[in-house]
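**Q** Supplied in structure tokens, the structure appears directly below.
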Amino acid sequence: MTDEHDHDLVGFCCEELEDAVSSDPADALVQHDSGLILLNLGEREEEGETGVVLATIRFCPFCGTEIQTDEDVEAALGDVEIVE
């Protein structure tokens with residue numbers, strides 16, 4: 001069965017994840033330039049500067065499909081700025 005949205009799901013396991021993911025770091029689920037899908041945990045202020053706290057997710061919160069492996073995350077971490 002083919003539906004008009006099948007081509008839109010490339011890289012996404014389900015339509016709900018595709019609809020929820022954004023490139024805006026203020027949204028709940030963010031697709032980083034590195035390709036990682038990240039969960040926005042909120043803002044953090046330290047030494048007068050505010051930043052967004054993002055966490056990697058391994059499984060889709062909607063359908064449970066594994067969307068990125070530990071290896072995917074490790075490979076992309078070189079492209080992600082980590083501030084501690």
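**Q** Kindly establish whether Val73 is in contact (Cβ under 8 Å) with a residue 24 or more places away in the chain and farther than 20 Å from Phe12 by Cα.
**A** Details: in contact (Cβ under 8 Å) with a residue 24 or more places away in the chain: yes; farther than 20 Å from Phe12 by Cα: no.
Taking the combined requirement at face value, the residue does not satisfy it.
Condition check ((1) assigned to a helix (DSSP H, G or I); (2) open to solvent by less than 50 Å² (accessible area, probe 1.4 Å); (3) modelled with pLDDT of 90 or more) across all residues:
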{"residue": "Gly35", "(1), (2), (3)": "no, yes, no"}
{"residue": "Leu38", "(1), (2), (3)": "no, yes, yes"}
{"residue": "Glu43", "(1), (2), (3)": "no, no, yes"}
{"residue": "Leu54", "(1), (2), (3)": "no, no, no"}
{"residue": "Gly64", "(1), (2), (3)": "no, yes, yes"}
{"residue": "Val73", "(1), (2), (3)": "yes, yes, no"}
{"residue": "Gly78", "(1), (2), (3)": "yes, no, no"}
{"residue": "Glu81", "(1), (2), (3)": "no, no, no"}
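**Q** Same structure again: Taking the range 1-27 on its own, how many of its residues are modelled with pLDDT under 80 and part of a helix (DSSP H, G or I)?
**A** 4
**Q** Working only within the range 27-51, note down all residues that are without any contact (Cβ under 8 Å) to a residue 12 or more places away in the chain, on the phi < 0 side of the Ramachandran plot and charged (D, E, K, R).
**A** Glu43, Arg44, Glu45, Glu46, Glu49
The values are calculated or read from the model by the stated rules, or taken from the named source; none is laboratory data. No experiment lies behind these values; they were computed from the predicted model shown. Note that we place each Cβ from the backbone using ideal geometry, even for glycine, and neighbour counts take in every protein chain shown. For the accessible areas, the whole protein counts, side chains as well, though only heavy atoms, and no ligand, DNA or RNA atoms are used. Shrake-Rupley method; radii C 1.70, N 1.55, O 1.52, S 1.80 Å.
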